[in-house]
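A short write-up of the structure that comes next.
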Amino acid sequence: MSERSERTRESFRELWASLLPIGRERSTGGYRRFAWTPADLACRAWFREQAERRGLRTEVDRNGNLWAWWGEPSADGPRAVVTGSHLDSVPDGGAYDGPLGIVSAFAAIDDLRARGMQPARPLAIVAFADEEGARFGVACAGSRLMTGALDPARTRELRDIDGVTLAEAMAAAGHDPTLLGRDPERLRLIDTFVELHIEQGRGLVDLDAPVGVATGIWPHGRWRLDFQGAADHAGTTRLPDRRDPMLPFARAVLAARDIAAGAEALATIGRVYVVPGAANGVPSAVHAWLDARAAEEDAVIRVVEKLYAGALRAAEGHGVGVAIERESWTAGVDFGPGLRKRLAQLVAPAGRTAAPALPTGAGHDAGVLAAEVPAAMLFVRNPTGVSHSPAEHAEEADCLRGVDALATVLAELAG
C-alpha cells in the first residue's frame, strides 16, 4: 500500500470509528438518529469537532443544514464545490446510509491537503437536516426547504408521533424555526454538488464495480392513509356489529403489493399507528403510510389511485371511513448527462473508460438540489444489497475507493 493510501485509510478509520457509536441501539444493532433528538445533536457535535480539527469554518443555515467551509464563499468570487450527505437515520437503519458520504468527504479533504492542493474554488461539506423524514414524515426536509420545495409554514406544523411539532423540536435544539424557507443567497454560492452514498441495491455487485455514478432517481412519494372506525370491546362485541378499521387496512397492505406488481412499480406500507392500541380492544382508527415509487410518474399515480379506490370499497363494507393525504412528492430526476459522464470518466476503474452508471429508486438530497444547481452522485458498492437495515454494509476497501473517487472529483471540479 502506498503512503498516500495508508494515510487515507487511517483518516477514514479514525473518522468512522468516532461516529459509529452515536445513536446506535444495542438491542438491534441499528441506528436511531432522528432529527432534532439527542442522537442527532450528538452527530452534529461530531461534525463540528471534525471540521474544527481541520480548521474548517462551520455554520448552520436557516433550515438547520450544517456546513463546513474550506475557503470563504462570496457572491463576487468563484462559486463553491459542495459535497456531503446526511447523518440522520430511519428507525434501526444501517451505519452507512448518509454518514458514509460525510465521512468520505472529510477523508477526501484530508487527502487533498496531504497532496498540497489549494483549490481555486471554495470547498464545502454539508450535512443536510432530516433527510430520512423518520420523525416528522417528510424526507429531505433540509434540502427541500433550502430550495423552496417545502412550504415553511406547513413544515413548522409537522408533528412527530408524540405530537411535538418540528418548530418546537428545532427551538428546543437552539434553532429559530421562523427562519425556515428558500435560501437563494446560499444557492447562488454553489457551483456543483456531488453526493457520495452507499448504493441501496445490488447494481454494482452485479456489475463487479466498487464505485458507480447515478443516472437519475425514480419519482416517488409518501401518502398517509387514515381509516376511521369505532372502538369497542374485543370480548363482547359481535363481529357483525364491529366497525373495525384494521380489516380494510389489512386489505390495503395486501393490495399495495399486487397493484404495484401489475404496474412495474414499488409500493410499501412500512409504518402503522393503531389507536388506541389495546390488545383486548377493537381499534378506533388506523393511520398508515404508503411509499410508492416507479421509473415513470404515471405508474406511481396509478398505484395510489387504485389502492385508494380499493381501500374505499373495503372500508364501506365494514362501516369504516377512509381518507388519503399526500405528505411528500419528488418528481423523477435525471442528473445532467455532461456532469455525470465527466465523473464516470474521472472515477473509471483500471481497464475501463468509465465507471458504470445506474439509476436508483431511493431519494437523495442531490436529487432535490438538481433542480437548482448542477448535481451528481457517486455510489459505493453494497455487497449485501440491503439498506435501511443493520445488515447494510460496505467493505473498507470499497469505501476507500469511494474516498479516492470523491477526492479526484473534488480536485477536478475545484481546480
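The values are calculated or read from the model by the stated rules, or taken from the named source; none is laboratory data. What you see is a predicted model; the values in this text were computed from it and never measured. A quick note on method: Cβ atoms are made from the backbone with ideal geometry, for glycine too, and the neighbour counts reach across all protein chains shown.
Can you find, within region 143-175, the residue that is surrounded by the most Cβ atoms within 10 Å (Cβ to Cβ) among those that are under 20 Å from the mean Cα position of the chain (by Cα) and among the polar types (S, T, N, Q)?
SER143
Of all residues in region 112-153, count the ones that are closer than 16 Å to GLY71 by Cα and either touching a Ser or Thr at 6+ places or on another chain (Cβ under 7 Å) or outside the structural domain of ASN65 (by TED's automatic domain parsing) (or both).
Filtering region 112-153 down to residues closer than 16 Å to GLY71 by Cα leaves 112-113, 116-126.
Filter again for either touching a Ser or Thr at 6+ places or on another chain (Cβ under 7 Å) or outside the structural domain of ASN65 (by TED's automatic domain parsing) (or both), leaving 125.
So the count comes out to 1.
Evaluate the following for GLU25: is it modelled with pLDDT of 95 or more and charged (D, E, K, R)?
yes
Considering only helices (runs of 4 or more DSSP H) fully contained in region 116-233, which possess at least 3 residues that are closer than 25 Å to GLU372 by Cβ? Explain how you work it out, then say what you get.
Details: elements: 141-147, 152-156, 166-172, 184-188, 203-207.
In region 116-233, the matching helices (runs of 4 or more DSSP H) lie at 141-147, 152-156, 166-172, 184-188.
Out of region 348-369, which residues are surrounded by 23 or more Cβ atoms within 10 Å (Cβ to Cβ) and either at pLDDT 95 or above or basic (Lys, Arg) (or both)?
Quick first cut of region 348-369, residues surrounded by 23 or more Cβ atoms within 10 Å (Cβ to Cβ) only: 355, 363-369.
Selection gives ALA355, HIS364, ASP365, ALA366, GLY367, VAL368, LEU369.
Given the conditions (1) surrounded by fewer than 24 Cβ atoms within 10 Å (Cβ to Cβ); (2) more than 26 Å from ALA370 (Cα to Cα), and given that VAL90 satisfies all but one, which numbered condition is not satisfied?
Single failed check for VAL90: (2).
Out of all the residues in region 185-211, which are among the small types (Gly, Ala, Ser) and closer than 23 Å to THR408 by Cα? Steps first, please.
Restricting attention to region 185-211, the residues satisfying the condition of being among the small types (Gly, Ala, Ser) are 201, 203, 209.
If the condition is that a residue be among the small types (Gly, Ala, Ser) and closer than 23 Å to THR408 by Cα, then GLY203, ALA209 are the ones that fit.
Only one residue in PHE34, PHE47 is in a helix (DSSP H, G or I) and aromatic (Phe, Trp, Tyr), so which one is that?
Details: PHE34 fails: in a helix (DSSP H, G or I).
Unique residue meeting the criteria: PHE47.
Counting only residues that are without any contact (Cβ under 8 Å) to a residue 60 or more places away in the chain and either in a loop (DSSP other than H, G, I, E, B) or closer than 22 Å to THR237 by Cα (or both), how many does region 250-285 have? Write out each step before concluding.
First pass over region 250-285, keeping only residues without any contact (Cβ under 8 Å) to a residue 60 or more places away in the chain: 250, 253-265, 267-272, 274-285.
Filter once more, keeping what is either in a loop (DSSP other than H, G, I, E, B) or closer than 22 Å to THR237 by Cα (or both): 250, 263-264, 274-285.
The qualifying residues number 15.
Can you tell me which of (1) modelled with pLDDT under 95; (2) of a type outside the set (Gly, Ala, Ser); (3) surrounded by fewer than 20 Cβ atoms within 10 Å (Cβ to Cβ) is the one LYS341 doesn't meet?
All conditions pass for LYS341, except number (1).
Determine if region 225-236 includes at least one residue that is touching a Leu at 6+ places or on another chain (Cβ under 7 Å), in the same structural domain as ALA267 (by TED's automatic domain parsing) and buried (at least 18 other Cβ atoms within 10 Å of the Cβ).
Kept after step one, since they are touching a Leu at 6+ places or on another chain (Cβ under 7 Å), are these residues of region 225-236: 225.
Next, from what is left, pick out any that are in the same structural domain as ALA267 (by TED's automatic domain parsing): 225.
Now drop any that are not buried (at least 18 other Cβ atoms within 10 Å of the Cβ), which leaves 225.
Looking through region 225-236, at least one residue is touching a Leu at 6+ places or on another chain (Cβ under 7 Å), in the same structural domain as ALA267 (by TED's automatic domain parsing) and buried (at least 18 other Cβ atoms within 10 Å of the Cβ).
List pairs: first residue in region 1-29 and in contact (Cβ under 8 Å) with a residue 60 or more places away in the chain, second residue in a loop (DSSP other than H, G, I, E, B) and hydrophobic (A, V, I, L, M, F, W, C) anywhere in the structure, Cβ distance under 7 angstrom, at least six positions apart or on different chains.
Here the result reads LEU20/ALA95, each pair linking region 1-29 to a residue that is in a loop (DSSP other than H, G, I, E, B) and hydrophobic (A, V, I, L, M, F, W, C).
Hey, can you tell me all the residues within region 373-412 that are among the hydrophobic types (A, V, I, L, M, F, W, C), crowded, with 18+ Cβ neighbours inside 10 Å and out of contact with any Leu (no Cβ under 9 Å at 6 or more places or on another chain)?
LEU400
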